[in-house]
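First the structure, in the form of structure tokens, and then the observations on it.
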Amino acid sequence: MALAEIGSSIAGTWVLVKNENLDDYLKEIGVNFVLRKLAAAASSTMIISVEDDHVRIVTKGPKDSDHKFKLGEEVESNDPQDNPMKAIVTWENGKLITAANPTEGSKAKATRVERRIEGEQLIMDVSVNAVMMRRIWKRKS
């Protein structure tokens with residue numbers, strides 16, 4: 001049921017339109033000034049798909065990523081600084097939620113990502129400690 005809901009709502013190709021509080025978020029996870037400025041100027045595309053019993057999120061931009069996972073199962077992941085993490089992705093009340101925690105000895109910080117549809121946009125809220133960044137995406141036509 002959850003995979004069908006994802007396929008009919010949030011799946012698709014999305015283009016980044018706006019970042020809110022990106023610099024504070026990147027500072028919080030330890031990204032240096034030059035890389036923060038490059039990230040702020042960069043465009044990104046995100047492709048969310050359902051493949052068999054997996055969800056796949058591919059991001060193309062300043063730092064490409066490709067994550068494929070089963071809902072509710074822990075997977076190995078990395079933060080934007082390539083620090084190792086363990087993540088669990090769930091579908092709750094129309095939101096694709098990623099809860100990621102650093103592995104032992106990692107410099108990563110616990111992170112929560114919520115992706116949801118509001119009107120014609122995909123809203124992606126990323127929280128680390130008390131810092132929340134919002135990324136707003138529009139469906140690519």
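Key figures for this structure:
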{"item": "Selection count where residues are open to solvent by 50 Å² or more (accessible area, probe 1.4 Å) and in contact with a Leu (Cβ under 7 Å, 6 or more places away or on another chain), scope region 91-111", "result": "0"}
{"item": "Residue check for Ser49: farther than 20 Å from Met1 by Cβ and open to solvent by less than 50 Å² (accessible area, probe 1.4 Å)", "result": "no"}
{"item": "Identity of the residue in region 125-135, of a type in the set (A, V, I, L, M, F, W, C) and open to solvent by 20 Å² or more (accessible area, probe 1.4 Å), that ends up nearest to the chain's Cα centre (by Cα)", "result": "Met132"}
{"item": "Counted residues, region 33-46 - those being open to solvent by less than 70 Å² (accessible area, probe 1.4 Å) and either among the aromatic types (Phe, Trp, Tyr) or touching a strand residue (DSSP E or B) at 6+ places or on another chain (Cβ under 9 Å) (or both)", "result": "6"}
{"item": "Scan of region 52-90 for residues that are open to solvent by 60 Å² or more (accessible area, probe 1.4 Å), within 13 Å of the chain's Cα centre (by Cα) and under 23 Å from Arg139 (Cβ atoms), ordered by number", "result": "Arg56, Lys60, Lys63, Asp64, Asp66, His67, Lys68"}
{"item": "Flag if Glu118 is over 19 Å from Arg139 (Cβ atoms) and free of Cβ contacts under 8 Å to residues at least 60 places away in the same chain", "result": "no"}
{"item": "Where a residue in region 37-62 is at pLDDT below 95 and its partner, wherever it lies, is open to solvent by 30 Å² or more (accessible area, probe 1.4 Å) and of a type in the set (Asp, Glu), with Cβ under 7 Å and at least six apart", "result": "Ala40/Asp23"}
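The values are calculated or read from the model by the stated rules, or taken from the named source; none is laboratory data. These figures come from a predicted structure and were not determined experimentally. No Cβ is skipped: glycine too gets one built from the backbone with ideal geometry, and neighbour counts run over all protein chains shown. Just so you know, the surface numbers come from the protein's heavy atoms only, side chains and all, with ligands and any DNA or RNA stripped out. Shrake-Rupley method; radii C 1.70, N 1.55, O 1.52, S 1.80 Å.
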